Amino acid sequence: MIVNIRRLVNIFLVNIFPLNLVFKKFVNLVKFLIASKFKTGSINYLPISMDIEPTTGCNFRCTMCQVSLPDFAAKNMDIETFKKVIDDNRQLLKIKLQGMGETLVQRQIFDMINYAKSYGIVTETTTNGSLFNRKNIELLKANKVSKITVSIDGATKSTFESIRVDSNFDTVIEGVSLLIEQCNKNLIRPQISAWCVLQKSNYHEIFKVFDLCRKIGFDDLTFQIQLSSWGQDYWVDKNKSMQINFNAEQVQEDFEKIRNLGKKNNFNVRIFEENALNFNKQCQWPFRSSYVTVDGSVVPCAPISDPKVVTMGNIKEMSYEKIWKSKTYDQLRENIRENNLDEYCKDCYREYR
């Protein structure tokens with residue numbers, strides 16, 4: 001019995017955390033947890049998770065996304081840039097492959113996932129759900145992706161396709177249903193989550209989205225209540241016409257109802273408020289993670305995700321550790337602690353809305 005337990009532990013360590021990296025990951029995690037718990041202000045650790053943008057190419061033109069702009073350029077992260085990010089960050093426990101583009105249009109996406117896995121790094125990904133054919137589903141399963149988040153921004157064809165321009169609602173629902181059906185055949189499978197970006201054009205379907213996602217078989221559902229401005233005035237202004245008033249009494253009542261529905265039906269519902277901050281609930285991105293764009297630029301967070309707005313440095317030009325511990329990054333952190341926010345941060349804070 002003891003031998004079998006040891007063998008199982010060994011298998012777990014070798015496949016999840018290669019033995020030569022266990023100590024490195026453990027020490028960094030302890031430093032991270034101590035700094036987070038006691039708010040030491042000392043950045044003597046590296047992130048334990050990171051968002052990496054594999055592509056900006058997309059087959060949709062969603063109304064609230066930068067890809068919808070006529071001059072937006074589609075690019076792929078090359079595999080060498082991805083490997084540089086991972087090689088500089090072997091302490092990572094998790095990466096999320098997401099960005100302006102659709103993850104599955106990146107032809108090297110499974111090479112990226114496999115490379116991260118070889119260093120004991122778990123991968124999550126976000127997708128629009130349009131490319132779930134049997135081949136891609138089998139590759140997602142084979143590469144042991146831990147979580148797949150699918151955007152479901154409407155419960156009817158007309159609403160969904162008016163927001164997710166160039167999409168086909170039926171194709172997405174059929175593909176997601178196939179994904180869940182195939183993954184459910186395995187005892188160990190990825191968490192499959194739905195994500196709905198609430199706005200005026202789909203808010204009337206909030207309960208229908210709940211019903212649809214539960215019926216399809218998602219594990220959970222998240223409602224994002226604030227549109228991203230990407231740190232740009234253009235989107236701040238545009239979002240004013242699309243943004244719901246999440247402080248309105250009726251909206252808060254609806255949120256409470258849908259949370260209770262989730263509990264009643266054993267279906268986890270979350271209201272995402274991490275980009276609805278205030279001076280007492282400060283941004284944690286620069287203390288916990290980074291967003292690396294297709295060209296290797298290190299951007300402070302996913303809600304900005306655009307190196308033309310702000311960048312801390314480029315992974316091709318210097319090590320990630322130098323970028324993470326640079327004076328530029330430290331100044332951003334200090335500004336957040338002091339609530340002396342840079343312009344590109346302000347739209348996430350209620351004091352500036």
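The values are calculated or read from the model by the stated rules, or taken from the named source; none is laboratory data. Being a predicted model, the structure only gives us computed values, none of them experimental. Every residue, glycine as well, gets a Cβ built from its backbone with ideal geometry; the counts of neighbours run over all protein chains shown. Please note that ligands, DNA and RNA were not included when accessible areas were found on the heavy atoms of the full protein model with its side chains. Shrake-Rupley method; radii C 1.70, N 1.55, O 1.52, S 1.80 Å.
Each residue in the range 101-127 was checked for being touching a residue at least 40 places away in the same chain (Cβ under 8 Å) and within 19 Å of V298 (Cα to Cα), and 3 of them qualify.
Applying the criterion of being at pLDDT below 95 and buried (at least 20 other Cβ atoms within 10 Å of the Cβ) to the residues of the range 259-284, the residue that is nearest to F82 (Cα to Cα) is C283.
The set of residues in the range 221-239 being surrounded by fewer than 18 Cβ atoms within 10 Å (Cβ to Cβ) and either among the acidic types (D, E) or on the phi > 0 side of the Ramachandran plot (or both) consists of D233, D237. Candidates E161, E181, E205: the one that is in contact with a Ser or Thr (Cβ under 7 Å, 6 or more places away or on another chain), open to solvent by 50 Å² or more (accessible area, probe 1.4 Å) and more than 23 Å from S305 (Cβ to Cβ) is E161. What residue, among those in the range 295-318 that are under 19 Å from the mean Cα position of the chain (by Cα), without any contact (Cβ under 8 Å) to a residue 24 or more places away in the chain and open to solvent by 20 Å² or more (accessible area, probe 1.4 Å), is nearest to G101 (Cα to Cα)? Applying the filter and picking the extreme gives P307.
Taking T156 as the residue in question, decide whether it is modelled with pLDDT of 95 or more, of a type in the set (S, T, N, Q) and open to solvent by 20 Å² or more (accessible area, probe 1.4 Å).
Spelling it out, T156 is indeed modelled with pLDDT of 95 or more, of a type in the set (S, T, N, Q) and open to solvent by 20 Å² or more (accessible area, probe 1.4 Å).
Results for (1) part of a loop (DSSP other than H, G, I, E, B); (2) open to solvent by 40 Å² or more (accessible area, probe 1.4 Å); (3) in contact (Cβ under 8 Å) with a residue 24 or more places away in the chain; (4) closer than 22 Å to K316 by Cβ, shown as yes or no for each residue.
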| site | (1), (2), (3), (4) |
| --- | --- |
| V67 | no, no, yes, no |
| D71 | yes, yes, no, no |
| A74 | yes, yes, yes, yes |
| F82 | no, no, yes, yes |
| V85 | no, no, yes, yes |
| L92 | yes, no, yes, yes |
| I95 | no, no, yes, yes |
| G99 | yes, no, yes, yes |
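Residue count for the range 181-194 under the criterion of being assigned to a helix (DSSP H, G or I) and either in contact (Cβ under 8 Å) with a residue 40 or more places away in the chain or touching a Lys or Arg at 6+ places or on another chain (Cβ under 6 Å) (or both): the result is 2.
Can you name every residue in the range 319-343 that is open to solvent by 10 Å² or more (accessible area, probe 1.4 Å), assigned to a helix (DSSP H, G or I) and not hydroxyl-bearing (S, T, Y)? First the steps, then the outcome.
Narrowing the range 319-343 to residues open to solvent by 10 Å² or more (accessible area, probe 1.4 Å): 319, 321-322, 325-328, 330-331, 334-335, 337-343.
Those left that are additionally assigned to a helix (DSSP H, G or I): 321-322, 327-328, 330-331, 334-335, 337, 343.
E321, K322, K327, D330, Q331, E334, N335, R337, E343, listed by residue number.
Among the residues of the range 79-93, none qualifies, meaning not one is of a type in the set (S, T, Y) and in contact with a helix residue (DSSP H, G or I) (Cβ under 7 Å, 6 or more places away or on another chain). Any residue that is assigned to a helix (DSSP H, G or I), buried (at least 16 other Cβ atoms within 10 Å of the Cβ) and modelled with pLDDT under 95 - is there at least one of those in the range 170-177? Within the range 170-177 (the criterion being assigned to a helix (DSSP H, G or I), buried (at least 16 other Cβ atoms within 10 Å of the Cβ) and modelled with pLDDT under 95), the answer is no, since none of the residues qualifies. Cβ-Cβ distances below 6 Å connect the following pairs, each with a first residue in the range 162-180 that is without any contact (Cβ under 8 Å) to a residue 40 or more places away in the chain, a second residue that is assigned to a helix (DSSP H, G or I) and surrounded by 19 or more Cβ atoms within 10 Å (Cβ to Cβ), and a separation of six or more residues or different chains: F169/F160.
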